[in-house]
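Beneath this line is the structure, given in structure tokens, with notes to follow.
The values are calculated or read from the model by the stated rules, or taken from the named source; none is laboratory data. All of these numbers come straight from a predicted model, not from anything done at the bench. For neighbour counting, all protein chains shown are included, and Cβ atoms are generated from backbone atoms with ideal geometry for every residue, glycine included.
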Amino acid sequence: MKILKLIKVNFFAFLVLLAYLVLMIFNRNLGIDSLKNSQYYLKEMIAIMPPIFILTALLDLWVPKETILKYLGTGSKVKGVFLSFLLGGISAGPIYAAFPVCVMLHKKGASIRNIVIILSSWAVIKVPMLLNEVKFLGVHFMVIRWILTVIAIIVFSWITSLIVKDKDIPEADIELPLLAINSKACIGCRLCTKNYPQVFKMENGKATIIKDYKTLDEDLISQTVKACPANAISYNPETND
Ligand code: SF4
């Protein structure tokens, strides 16, 4: 029973081991080549992943959740898309190094759409790769491929965000509030309290959320979020508060 449980927990690793075993039985040389390849990638991962985990932990510690929500959250719109491209584009290292970073960003409020953009641009349009592409295939090829790839990433990230929701990501033990205000960003213009006085009030020159507001009107809250000149309000409709 213990073995079955172990297989269930590590199902994917078990499938890989099984594939190696089958390969060894039917084509020994190919099996040995596969093992050598895996050994190479394993060594590479052992060298790369520890600094990535340290960097991720430091980012988790230093970058406040409000900042991630503001710049990469669902309300970040075009700014979030641009920053996600930038983040993925200037990165270095293999794509698997991006996964722990993205998990941390998602946990802190980055939207699914922006996570897809970061991962995709990390994989196919990062700057060091573009320079190599120019060297081997020429500027014309690189520019056309880059433009088409960016368009494809925007479309695919949008489609993914329609299909995959925050709750579908197992590691993302989302603690995002349904509604939050980044008080550092709030400029105290009172627009939200005028637009939706049942939910927002002013306190010491900053907007806050009324604790026991009854319900949220989807249209009204979306309009209020959009109208905020400081982009200080985040609304996460996927959260079940
Ligand atoms: S609209 Fe935005 S900036 Fe203005 S008070 Fe409300 S939260 Fe602050």
Checked S222, S183 against criteria (near the ligand (Cβ under 9 Å from one of its atoms), at pLDDT below 90, surrounded by fewer than 16 Cβ atoms within 10 Å (Cβ to Cβ) and under 27 Å from I112 (Cβ atoms)); the one match is S183
Note on segment 204-239: residues under 20 Å from K65 (Cβ atoms) and acidic (D, E) are E238
Please determine whether any residue of segment 85-95 is outside any helix (DSSP H, G or I) and in contact (Cβ under 8 Å) with a residue 40 or more places away in the chain. yes
Only one of I25, I46, I3, I7 is surrounded by 11 or more Cβ atoms within 10 Å (Cβ to Cβ) and either out of contact with any Ser or Thr (no Cβ under 8 Å at 6 or more places or on another chain) or more than 23 Å from A97 (Cβ to Cβ) (or both), namely I7
message = Just checking, does segment 126-134 include any residue being touching a Lys or Arg at 6+ places or on another chain (Cβ under 6 Å) and in a loop (DSSP other than H, G, I, E, B)?
response = no
For segment 184-201, pairs from a residue that is on the phi > 0 side of the Ramachandran plot to a residue that is modelled with pLDDT of 90 or more and in a strand (DSSP E or B), with Cβ under 8 Å and 6 or more apart or across chains, are G188/M202; G188/K206; G188/A207; R190/M202; R190/A207
Across (1) at pLDDT below 95; (2) within 22 Å of G80 (Cα to Cα); (3) more than 16 Å from the ligand (Cβ to nearest atom), I151 clears everything bar (1)
Within segment 186-219, restricting to residues that are within 27 Å of K167 (Cβ to Cβ) and of a type in the set (D, E, K, R), the one that is surrounded by the most Cβ atoms within 10 Å (Cβ to Cβ) is D217
Filter segment 161-176 for residues that are within 14 Å of A110 (Cα to Cα) and part of a helix (DSSP H, G or I); the one that is modelled with the lowest pLDDT is K167
Of (1) outside any helix (DSSP H, G or I); (2) closer than 22 Å to A230 by Cα, I68 satisfies every one except (1)
When restricted to G109, G73, G80, the only residue within 18 Å of V150 (Cβ to Cβ) and surrounded by 14 or more Cβ atoms within 10 Å (Cβ to Cβ) is G80
